[in-house]
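Written out below as structure tokens is the structure these notes cover.
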Amino acid sequence: MPSMKKIALLGSTGSIGTQTLDVIENIGGKFDVVALAAGHNLEFLRRQIRKFHPKYVCISDEHNANILRTEFSDTEIFFGDNGLVELACLDDVDIVVNAIVGAKGLIPSYRAIDCGKRLCTANKESLVMAGEILTERAKETGAVIFPIDSEHSALFQSMLSGKHSEIKRLILTASGGPFWNKDVDFDKIIPVDALAHPNWSMGQKISIDSATMMNKALEIIEARWLFDIPLEKIDVLIHPQSIVHSIVEFVDGSQIAQLSLPDMRLPIQYALTYPERFESPMKPLDLAEIGNLEFCTPNKDKFPAIDLAYRVLTDGGNSPIILNTVNELAVESFLMGEIKFSQIVRFVIQALDEIPKSSVSSLDDILSADRVASEWFEKRIRNR
Ligand code: NDP
Ligand code: MG
């Protein structure tokens, strides 16, 4: 019997994390969950430990780590950022799944790559902040970065039908979120409306990113680095049904796409098992039942976030980090009722206009650009 692949799952208590554990359970006997990491959801993590018996666990704060130590004497319990770094580089781990939300995912991704692991990443923010550094480091260490994001999984699968040099265009599809075709006042949108995604059930941050369509900007940047494709070859297409997960156009004019019902367990499973495919419990796609697939170009006046991807990639340096950091903080502020929905993207644009440009060539430069952008945002919020 082939040996089981050993997995460290970071962000196990979230939407992607729990679906990853579903996939591992359903597929049975192929993967061993060696390590789990979570933020604050102690009770959920406790249940996961009881079920999957990981050798290593990490939780954000020390107090919770001490509680777990008294309950699970056979498990090595870590905490905080240092703990995440330990889990990303364990000798007895083959695959690191990064399902942490936000900039917190950056250092664990870097560390997994540094240690030559197969990194299956849902965390797109790390690629937005440090795509070039992460992909260059992967070339040096032999690490493989595999996308879990459904659009990027679709692009990866579609790319298999041609050579990299034959790619003419990547077409990222976008559902458009809850507001793309609604005549709503963006000043009046409240969190509960923005969180109600029509096709996907996801964590809070990505749900808001989908509503502002900043998610698509993050995904353009993610695609640029993951696939080493120039910016001008990446387009966005609105596709409200979320069946066509993205398209690769080749130089002969052929467009190859990947289709399935919107269910993240499929790209998660593919990332874990590639180059093999296995049966899955996902509902099969019945196009006759779906009936219609619609496509249209995005309204960039209504959703100015999309074009920010082109702006920050053209500017380079600290610009993508400013976009990511200020967006993340603005989303948090919106969820806490501190700012309006319309202000999320406006703050990002203002930060890009006001924060002086700087070059970025190391992880330290990135962390310092992140700090500068955070301080800029805190000041704006406090002085309002
Ligand atoms: P969730 O908010 O559902 O989950 C986030 C996870 O990160 C939780 O397990 C949370 O732990 C954990 N976490 C947060 N802070 C820390 C920390 N300091 N240390 C360790 N763990 C931490 O997010 P999603 O699962 O929706 O998204 C995760 C990533 O995947 C994001 O980058 C998102 O953009 C991307 N993605 C998500 C998709 C989806 O369908 N959900 C689709 C495509 C991409 P806890 O809850 O215990 O605090
Ligand atoms: Mg996506």
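The values are calculated or read from the model by the stated rules, or taken from the named source; none is laboratory data. Model, not experiment: these values are computed from the prediction. Don't worry about glycine lacking a Cβ; one is built from the backbone with ideal geometry, like all the others, and counts go over all protein chains shown. When the accessible area is computed, the model is the full protein with side chains, heavy atoms only, and any ligands, DNA or RNA have been set aside. Shrake-Rupley method; radii C 1.70, N 1.55, O 1.52, S 1.80 Å.
Under the rule that a partner needs its Cβ under 4.7 Å from the first Cβ, which Cys of the chain have none?
So, 58, 120, 296.
Mind checking the alpha-carbon convex hull of the range 64-219 and giving the volume per residue in Å³?
162
Using only DSSP helix segments of four residues or longer, with each worth -39500 (n - 2.57), what per-residue ellipticity at 222 nm results for the chain after dividing by its residue count and rounding to 500?
Computed mean residue ellipticity for the chain: -14000 deg cm²/dmol.
Got a sec? Which residues in the range 12-43 would a label at residue 204 touch, if it sits 7 Å along Cα→Cβ and we count backbone N under 18 Å?
Of the residues in the range 12-43, 12-18, 38-43 have backbone N under 18 Å from the label point off residue 204.
What's the lysine pair count for the range 5-147 at a Cα cut-off below 20 Å, pairs eight or more apart or interchain?
Lysine pairs meeting both conditions in the range 5-147 amount to 16.
Among 254, 242, 60, which one shows the biggest mean-square fluctuation in a GNM of the chain, springs joining Cα atoms closer than 10 Å?
Between 254, 242, 60, it is 254 that shows the largest mean-square fluctuation.
Taking a probe of 1.4 Å, how large is the accessible area per residue of the range 101-209, in Å²?
Heavy-atom SASA per residue in the range 101-209 reads 40 Å².
Student exercise: in the range 208-334, how many lysine pairs 8 or more apart or on different chains have Cα atoms under 24 Å apart?
Close lysine pairs found across the range 208-334: 5.
Roughly what percent of Cα-Cα pairs across the range 316-384 reach past 15 Å?
In whole percent, the long-distance tail amounts to 47.
How do 214, 336 rank by accessible surface area computed with a 1.4 Å probe, from largest to smallest?
Order by accessible area, largest first: 336, 214.
Taking 0.36 nm per intervening residue step and subtracting the Cα-Cα distance, what contour gain separates residue 383 from residue 53 on full extension?
114.0 nm
Using a simple charge model, +1 on the beta-carbon of Lys and Arg, -1 on the beta-carbon of Asp and Glu, nothing else, what dipole does the chain show about its Cα centre, in debye to the nearest 20?
The dipole magnitude comes to about 200 debye.
Give the calculated FRET efficiency between residue 140 and residue 168 to the nearest 0.05, with a Förster radius of 25 Å applied to their Cβ-Cβ distance.
Given R0 = 25 Å and the Cβ-Cβ separation, E is 0.25.
Using a 1.4 Å probe on the protein heavy atoms, what percent of the accessible area of the range 250-337 belongs to carbon and sulfur?
50
Run a plain Debye calculation on the chain (Cα atoms as equal point scatterers, no solvent) and give log10 I(q)/I(0) at q = 0.12, 0.14 Å⁻¹, rounded to two decimals, same order as the q list.
Reported log10 I(q)/I(0), two decimals: -0.94, -1.30.
Let me know the whole percent of all Cα-Cα pairs from the range 1-114 that are separated by more than 21 Å.
28
Apply 1/(1 + (r/R0)^6) to the Cβ-Cβ distance of residue 74 and residue 273, taking R0 = 35 Å, and write down the FRET efficiency to the nearest 0.05.
In this case the efficiency is close to 0.75.
If you count only protein heavy atoms and use a 1.4 Å probe, how large is the accessible surface of residue 139, to the nearest 10 Å²?
140
Positive end of the dipole of the chain, charges at C-beta (+1 Lys, Arg; -1 Asp, Glu), about the Cα centre: which of 18, 119, 253 has its Cα farthest in that direction?
After comparing all options, I get 18.
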